[in-house]
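Asks: Here it is: the structure, laid out below.
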Amino acid sequence: MAELKNKNLLEQIAAWNEEEEYQKIADALLAVPEEERTPELVSELARAYNNLAGGENGDESMYRKAIDLLQSVEEELKEDHCWNYRMAYAYCFLDEPWEALPYFEKALEARPGDEDTEEMIDFCLSSLALPRFEKPFSQRVREGWEAFLAGEEELRRGIDEKRQGDEIIEQCNKLLKPAFSDISFELGYNGRKHELILSPEGDKAKLFQLVYFQKHAPKEVLEYWNILVGRQNSGSRSGSFDLQIFGQNISAEDILVWVEQQGEDELELSLYSEKLLSFLREDENRAYWMMYIMLDSVIGEIAAMRYIGRVELLEKPSDGEYFSLEKLPEYLNQKFSGQDGDIMDAEKYCERYTVYETEPSEEEDADVRMDIYVGGTNCPTLINQYWNNVADTMNVYHKDGIAAGFLYYPLHGFTGEDRSGKILDFRDAVSEGILAGAGADAVTFIGGASGIYFGYIDFIAWDLKAVLDTAVEVLKEKDIEWAVFHSFRRDVNGIILKSEQNKN
């Protein structure tokens, strides 16, 4: 009887889908007791939510509801074409094509030759190769600061009145949401101004984004707020830093530090504290998490990212010279402050350049960038992830309207004496031309490289359309046969900006 009832309902749903009566489908399925909904009915409800989300009065949260419903019946339907297509559809219209693509591919496996699925796969690949953001990050930042300015007075009042921490954090989250899909921050008051401290959580790629946001803070905000990037060291506050957590109070004086130099500007730390021993033995991850919080708070998050490599927690004191953790800021300042100014300066850290050499592939059909033999970058994360065919940073960037990629072009036309100098001069001229045309609000150049066959110019685009439109005009005037834009994703195609057919 139940099977017949479900069959009749599925037939009715099919008719309603033909008539685009998606709300009727949702209402009918929600009227079925949850324990009586078969996996097929759950999948149909998810489909209704997908269609309602894309309607005239659609709500993006319905795509998330669809995903949650489909995940609840994954075990039963994970090989089904419709289940995979509906999962992919929801992710695709949330503008997360990297999440959608594997499900579309699985849907095509279940139904080979399906034209709709093939079209959606092409759409996802195109979106990854050339993101067409509804709002590029440059616009999101403007809207984010407008929202913050409109709500900051109430936020200050909440801090001053010492309202519940969760309430204040949620209030600030809403103000920052127009700019960031996800952001880690702290709030405070230093006795003169309120402080918004944006944390990159140890990720230098995220740091570029936060510095960009910080630099665009309106003067009306800065009248009342310090906008800081990276957790500040205890020396920038009154008093020393104590960590009170899990019933334990740990101060910098309780932790002993042994320092070992690794390379020109990287230190390895060995740390010991009796107060951490129980945590280290019971839950090592928790102990290390506590230690990194201590490090960020004592020396500052930027200094920790910049100079501290491997950290090891010891179960007993080591041999050799040591000092307490409270002395580490003084040690770092003496050792590194002469390099390029303030070791807590996030913008200067973003400018820090790393030169790399690789063993190039001589195969002409190898993946792009595999011919590189020397390069330089101030964002190694993007370079390393590209080589390892990982796109974690690209996915995070995409959610916020940021595109990172590179231009590449042939080098066989660079000949004669000082060939390397000519290649570098060309790279500089193109970068300067794009920067002059698109503006610093649209692009940050992060390095470049030379390969056996191609030259490369690397950048983060805060407004990709403005960057590529300008690049087309700049490249028209350059004496090269062709040039291509490629995202820092290995598995997508490039976008031709200049070719033999369109060059002047």
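The values are calculated or read from the model by the stated rules, or taken from the named source; none is laboratory data. Here the structure is a predicted model, which is why all the values come from computation and not from measurement. Neighbour counts are summed over all protein chains in view; Cβ atoms, including those assigned to glycine, are modelled from backbone coordinates with ideal geometry. Ligands, DNA and RNA are stripped out before the accessible areas are found, and what is left, the full protein with its side chains, is counted by its heavy atoms. Shrake-Rupley method; radii C 1.70, N 1.55, O 1.52, S 1.80 Å.
Asks: Picking from 421, 413, which residue would you name as being open to solvent by 30 Å² or more (accessible area, probe 1.4 Å) and farther than 30 Å from residue 142 by Cα?
Replies: After applying the criteria, what remains is 413.
Asks: Here is a further query. Kindly indicate whether residue 59 is acidic (Asp, Glu) and over 28 Å from the mean Cα position of the chain (by Cα).
Replies: Considered against the rule, which asks whether it is acidic (Asp, Glu) and over 28 Å from the mean Cα position of the chain (by Cα), residue 59 comes out as no.
Asks: Additional query: Among all residue pairs at least 6 apart or on different chains, which show Cβ distances below 9 Å where the first residue, located in the stretch 382-400, is without any contact (Cβ under 8 Å) to a residue 60 or more places away in the chain and more than 12 Å from residue 460 (Cβ to Cβ) and the second is of a type in the set (S, T, N, Q) and surrounded by fewer than 15 Cβ atoms within 10 Å (Cβ to Cβ)?
Replies: So the pair list comes out as 390/384.
Asks: Now for a separate question. In the stretch 309-348, what count of residues is obtained for those that are over 33 Å from the mean Cα position of the chain (by Cα) and at pLDDT below 90?
Replies: Residues that pass the stated criteria total 1.
Asks: Would you be able to tell me the number of residues in the stretch 102-120 that are open to solvent by less than 60 Å² (accessible area, probe 1.4 Å) and within 13 Å of residue 91 (Cβ to Cβ)?
Replies: So the count comes out to 4.
Asks: Considering each residue of the stretch 20-48, count those that are of a type in the set (Ser, Thr, Tyr), closer than 16 Å to residue 83 by Cβ and open to solvent by 30 Å² or more (accessible area, probe 1.4 Å), and give that number.
Replies: Number of matching residues: 1.
Asks: Another question, if that's okay. Within the stretch 141-154, can you find the residues that are open to solvent by 40 Å² or more (accessible area, probe 1.4 Å) and of a type outside the set (A, V, I, L, M)? Explain how you work it out, then say what you get.
Replies: Kept after step one, since they are open to solvent by 40 Å² or more (accessible area, probe 1.4 Å), are these residues of the stretch 141-154: 142-143, 146, 149-150, 153-154.
The answer is 142, 143, 146, 153, 154.
Asks: Select from the stretch 80-101 the residues that are open to solvent by 40 Å² or more (accessible area, probe 1.4 Å) and not hydroxyl-bearing (Ser, Thr, Tyr) and list them in ascending order.
Replies: Once the filter is applied, which keeps residues that are open to solvent by 40 Å² or more (accessible area, probe 1.4 Å) and not hydroxyl-bearing (Ser, Thr, Tyr), the stretch 80-101 yields 80, 82, 93, 95, 99.
Asks: Filter the stretch 264-277 for residues that are in a helix (DSSP H, G or I) and in contact (Cβ under 8 Å) with a residue 24 or more places away in the chain and give the result.
Replies: The answer is 275, 276, 277.
Asks: Being touching a helix residue (DSSP H, G or I) at 6+ places or on another chain (Cβ under 8 Å), open to solvent by 10 Å² or more (accessible area, probe 1.4 Å) and part of a loop (DSSP other than H, G, I, E, B) is the filter here, so list the residues in the stretch 362-382 that pass it.
Replies: 378 - this is the single residue of the stretch 362-382 that is touching a helix residue (DSSP H, G or I) at 6+ places or on another chain (Cβ under 8 Å), open to solvent by 10 Å² or more (accessible area, probe 1.4 Å) and part of a loop (DSSP other than H, G, I, E, B).
Asks: Okay, moving on. Of all helices (runs of 4 or more DSSP H) completely enclosed by the stretch 383-483, which ones contain at least 2 residues that are of a type in the set (D, E, K, R) and within 21 Å of residue 181 (Cα to Cα)?
Replies: 392-399
Asks: Considering each of 77, 128 in turn, give the residue that is free of Cβ contacts under 8 Å to residues at least 60 places away in the same chain and open to solvent by less than 70 Å² (accessible area, probe 1.4 Å).
Replies: Just one listed residue meets the conditions, 77.
Asks: Output the residues belonging to the stretch 464-484 that are buried (at least 23 other Cβ atoms within 10 Å of the Cβ) and either within 25 Å of residue 210 (Cβ to Cβ) or of a type in the set (Lys, Arg) (or both).
Replies: Of everything in the stretch 464-484, those that are buried (at least 23 other Cβ atoms within 10 Å of the Cβ) and either within 25 Å of residue 210 (Cβ to Cβ) or of a type in the set (Lys, Arg) (or both) turn out to be 464, 467.
Asks: Still on this structure, I have one more. Considering only the stretch 332-342, I want to know if a residue exists there that is touching a residue at least 12 places away in the same chain (Cβ under 8 Å), of a type in the set (Asp, Glu) and not in a helix (DSSP H, G or I).
Replies: Yes - at least one qualifying residue is present in the stretch 332-342.
Asks: Within the stretch 457-497, can you find the residues that are without any contact (Cβ under 8 Å) to a residue 40 or more places away in the chain and either touching an Asp or Glu at 6+ places or on another chain (Cβ under 8 Å) or basic (Lys, Arg) (or both)?
Replies: 476
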